[in-house]
Amino acid sequence: MNKNIKLAVAGAIFAAASAAQAGIIIPAGEWTVDLSGNVNSYAIWSKPSGSAGAIQGGLAGSGTGTTSAAQSTGLLPNFLSLSGSSRQNDLDVTWLISLNPGGYSSTGASGGSGTEHRQAFMTFGDKSWGSVLIGKNLGIYASDAILADMTLLGVGSPNLTGTTTLGRIGTGFQYADWKQQIAYTTPNMNGFQATAGITQAWAAIATAGGLSGTTGTQAQATSDASYKGTAGGGSPAYEGKASYSFAANDVTGKVWVSGFSQKVNGMRSGENAYSADIGANLKVAGFDLTGYYYGGAGTGTTIMMRDAYSLTGYARDVDGGYVQAKYTLPTKTVAGISWGQSNTDLATGETKASQAALIKTNEMLTVGLYHPLTKSVNLVAEYSHVTSENQAGKENTNNAGSLGAILFF
């Protein structure tokens, strides 16, 4: 992926404004205001089939092999980000607020799809000691996994139940999500940088797979005296990450680790839900290679804390990862291939017979072409094969293709 695209993704979506990540710059007194974002849309074809029926937590869906079509935003919604920066009292001060409309709607006269508000945060700091972020932004744990995912510019898994598609979320990494936080980031020290923060805790969701259609029987941990989650007024979650970036001649790369921990009072299998990951990226001679792995307990397969516990309060272990290879052709088109999976183990006391319809593995193979038509407009074509296997060993599959474009400004 070329430098302009990478800077646009980082600047428009996941970071405060800076000179290197500028969109439309507007001087405004002591503030420098930056208007940036993206617009994207894709035609998506999906053909789900299989013998497993409804799978609780399955991403391939269920069907009889009938092809359906839709038009939607991809893994990213449309982004309109307004940010400002200023130097005050020897501090660099920034703020950012974003508006994030999706693109999918299947009901006439509905006025369009849902709109989210993913970011509203401030930062203050100095290059000598680092910076503090306060507000709503991308979570810390697993954030590098989604930033390295090539389907960030496309569709990936075509699930259309929310504002966006899923990309590789749930088929190789857990969703970092957008959450309130107070986080400190160190200055960049010869390539090493670290972030630590306290973030909003999520409600733990216990499920019995497949007992009621596609959703199964669910219990939010805060609603039962035998196992209580810590969402809302309980303890916060704790997240952190560290990375090292390096460059030598024509070789550049990055290695990172991150972790998540949240207290879940009264769970019979322990007091903390946790996950940790490790990843690496290497770029050389037109090749861009990424490898990633994560593991945890009580944190869920796709969305953090969902399908994370049995109805009797025991944690389910999870793990997964993905590998990805991209190559930049002489036309500057990026050709990529990516494979990954996410796994869920049965909790103490659960059996394959009693939890037959609970997800065991979500897996996806994706191939894609990403062509920079201009420095702002990128044409995207992807094909993904998604497989969901339940605890009884039966599978559903989905063959999905997409064509569209994403514009950054």
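Can Pro101 be described as under 21 Å from Ser402 (Cα atoms), of a type outside the set (A, V, I, L, M), at pLDDT below 95 and crowded, with 19+ Cβ neighbours inside 10 Å? Judged against the criteria, Pro101 is not a match. Candidates are the residues of the stretch 312-337 that are hydrophobic (A, V, I, L, M, F, W, C) and buried (at least 22 other Cβ atoms within 10 Å of the Cβ); the one that is farthest from Gly259 (Cα to Cα) is Val334.
So for the stretch 136-154 (the condition being on the phi > 0 side of the Ramachandran plot and among the small types (Gly, Ala, Ser)), does at least one residue qualify? First the steps, then the outcome.
Initially, the stretch 136-154 is screened for residues on the phi > 0 side of the Ramachandran plot, giving 142.
Now restrict to residues that are among the small types (Gly, Ala, Ser): 142.
Yes - at least one qualifying residue is present in the stretch 136-154.
Would you confirm, using the coordinates I've provided, whether Thr107 is among the β-branched types (Val, Ile, Thr), more than 24 Å from Phe409 (Cβ to Cβ) and over 18 Å from the mean Cα position of the chain (by Cα)? Judged against the criteria, Thr107 is a match. Looking only at residues in the stretch 284-295 that are touching a residue at least 40 places away in the same chain (Cβ under 8 Å) and within 18 Å of the chain's Cα centre (by Cα), the one that is farthest from Glu350 (Cα to Cα) is Thr290. Does Lys352 fit the bill of being without any contact (Cβ under 8 Å) to a residue 60 or more places away in the chain and more than 22 Å from the chain's Cα centre (by Cα)? Yes: the conditions hold for Lys352. Collect the residues in the stretch 263-278 that are surrounded by fewer than 23 Cβ atoms within 10 Å (Cβ to Cβ) and assigned to a strand (DSSP E or B), keeping them in residue-number order. Passing the criteria: Lys263, Asn272, Tyr274, Ala276, Ile278.
Quick one: which strands (runs of 3 or more DSSP E) lie wholly within the stretch 115-217 and hold at least 2 residues that are crowded, with 16+ Cβ neighbours inside 10 Å and modelled with pLDDT of 90 or more? Please lay out each step first, then the result.
On the way: elements: 120-126, 130-138, 178-185, 192-199, 205-208.
In the stretch 115-217, 120-126, 130-138, 178-185, 192-199 are the strands (runs of 3 or more DSSP E) which contain 2 or more residues that are crowded, with 16+ Cβ neighbours inside 10 Å and modelled with pLDDT of 90 or more.
On the stretch given as the stretch 332-357, residues that are polar (S, T, N, Q) and farther than 24 Å from Ser275 by Cα total 2.
Please find, within the stretch 40-60, the residue that is nearest to the chain's Cα centre (by Cα) out of those that are of a type in the set (A, V, I, L, M, F, W, C) and buried (at least 17 other Cβ atoms within 10 Å of the Cβ). Going through the qualifying residues, I end up with Leu59. Taking the stretch 282-311 as the range and being surrounded by fewer than 16 Cβ atoms within 10 Å (Cβ to Cβ) and part of a loop (DSSP other than H, G, I, E, B) as the test, the residues that pass are Ala285, Gly286.
The values are calculated or read from the model by the stated rules, or taken from the named source; none is laboratory data. All figures in this text were calculated on a predicted structure; none of them were measured in a lab. We place every Cβ from the backbone using ideal geometry, glycine too, and count neighbours over all the protein chains shown.
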